[in-house]
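Beneath this line is the structure, given in structure tokens, with notes to follow.
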Amino acid sequence: MALTEQPSTDRGIDVRIATTDAEREAVYRFRYEVYVEELGRYRAIADHEHRRLADPEDDHSWIVYATADDAVVGSFRVTWGGDGFSARQVDQYQLEPFLAELPAERMAVGERTMISPRWRGGDLFSTLGEGSASLTASHDVRVVFGACEPHLISFYARYQRPYGRRNINSPEAGFLVPLVSFPQGPEALREFGAPGELPPCVSGVLDGTGTVLSPLLAGDENYERRVRGSIDSLESSVFDGLDHEAVMRVIRRSNVVTCRAGDRLLKRGGSARNVFVVLDGALVVSRDGVLVGSVGPGEIVGEMANLLRQPRSFDVDVVENTHVLSLSERTLAALADGAPAAAARLASNIARQLSGRLTNVGAHGR
């Protein structure tokens, strides 16, 4: 079933709904290439013999995919509430409050979003969304749930907003931030609230920022003031010696994530290369269940994957409620390009922290 046929970036893209076994198998093989072979995830549940990755939810969901030159280059899955959500989805996306106040038929969960490496950074994500819009509209979907890794918050926040009281700890995907959007606008849900009011589950989303503080949600000036205040309150930090403008360059391209005790912030083998600066709270570092160190306020974590361009070597867990400043790979690269002296000082501070950590705990890297 073709949904749209339009150009994306600089080549033609055909967006479709998978309706045949052959189409679904093409998507499952594409998932395997991206998730298992490229990102090293879902190895425990993937079909390695046939090089495919399928989920139970696929059997009753819409699978949207894009092709270029007859090859799958992007896809995602939409589970419509009218066909039912799985127990995992209800728990993972914290759907209970929404299901209690809204008809399931008005909701959907979007998952398994992936783009081929050579198409990332373009507009293929938007093209996939536009291509499937008529499908969700025809089913009168008014709330769509999803999730993303912390380093992708700035990108996804243009389409969805963080919500919920806790983040997602996926055994395979790692640490995820729950997201939600209202395709027809929040006002389209007013009919399900008390007279003249939005349902509490919706107003709660609009009144809060979930577990994330970002410039998009808080406003640039308010966000910068709050984060700068948190950094200034630290006795020492990885930003020591950087002038105000250099620190602000970093802050303007960051996000703050609230973590709860028990969250696994970094998962060994993870492919993301963002780093986190602890603003308050505490983290512990381990490998194969063996504790190798701790990270406190002002310290950075995830630096070795960023510096060496390699997967995460250690697990990093939250031991008490903690706020971390998430800095993407692009943020650090932009600092190096725009303020090389500040980037060099930041790198020196990171090296000093790392050297002290290695000396104290005898670790060999993270």
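Throughout, read-outs are computed from the coordinates displayed, never taken from laboratory work. Every value quoted in this text rests on a predicted model; they were computed, and no experiment measured them. Please note: Cβ atoms are built from the backbone with ideal geometry, for glycine as well, and neighbour counts cover all protein chains shown.
Brief remarks on what is shown
- In this Cβ point-charge picture (+1 for Lys and Arg, -1 for Asp and Glu), the stretch 2-210 has a dipole of about 560 debye about its Cα centre.
- Formal net charge of residues neighbouring Phe155 (Cβ-Cβ distance under 11 Å; K, R +1; D, E -1): +2
- Förster radius 41 Å - calculated FRET efficiency between Ala133 and Ala194 (Cβ-Cβ, nearest 0.05): 0.85
- Inter-site label distance for Ala347 and Thr20 at 7 Å from Cα along Cβ, in nm: 5.3
- Angle between the chain longest axis and helix 220-232 axis [Cα atoms, degrees, rounded to 10]: 40
- Relative contact order of the chain: 12 percent, from C-alpha pairs under 8 Å at least 6 residues apart in sequence.
- Unit charges at the beta carbon, dipole of the stretch 2-210: most positive-side option, Thr136, Pro117, Ala71: Pro117
- Inter-probe distance in nm under a simple model that places probes 7 Å from Cα toward Cβ, at Ala261 and Leu307: 3.2
- Helix 21-31 vs. the chain, principal-axis angle (Cα, 0 to 90°, nearest 10): 0
- For the stretch 154-175 and the stretch 97-111, distance of Cα centres in Å: 17
- Simple Cβ-charge dipole of the stretch 263-307, Lys/Arg +1 and Asp/Glu -1, about Cα centre, in debye nearest 20: 240
- Shape analysis of the chain places it in the prolate category; the axes a ≥ b ≥ c from the Cα gyration tensor give an a/c of at least 1.5, with a/b above b/c.
- Peptides 258-269, 42-53 ordered by average Cβ neighbours within 10 Å, highest first: 258-269, 42-53
- With N as its number of residues, the stretch 215-361 has a Cα radius of gyration that, divided by 2.2 N^0.38 Å, comes to 0.99.
- Each Cα pair under 8 Å and six or more residues apart adds its separation to the average, and for the stretch 219-366 the resulting relative contact order is 30 percent.
- Alpha-carbon centroid distance for the pair the stretch 122-139 / the stretch 236-315, whole angstrom: 34
- The relative contact order of the stretch 2-210 comes to 17 percent, based on Cα pairs under 8 Å that sit 6 or more residues apart.
- Extension gain from Glu221 to Asp243, taking 0.36 nm per residue of separation minus the Cα-Cα distance: 6.1 nm
- Distance in nm between pseudo-label sites at Glu105 and Arg330 (7 Å out along the Cβ direction from Cα): 4.0
- Under 14 Å from the Asp207 label point (7 Å along Cα→beta-carbon), backbone N, the stretch 142-178: 164
- The angle separating the long axis of helix 340-361 from the principal Cα axis of greatest extent in the chain is about 80 degrees.
- Given charges at beta-carbon only (K, R positive; D, E negative), |dipole| of the chain in Debye: 1060
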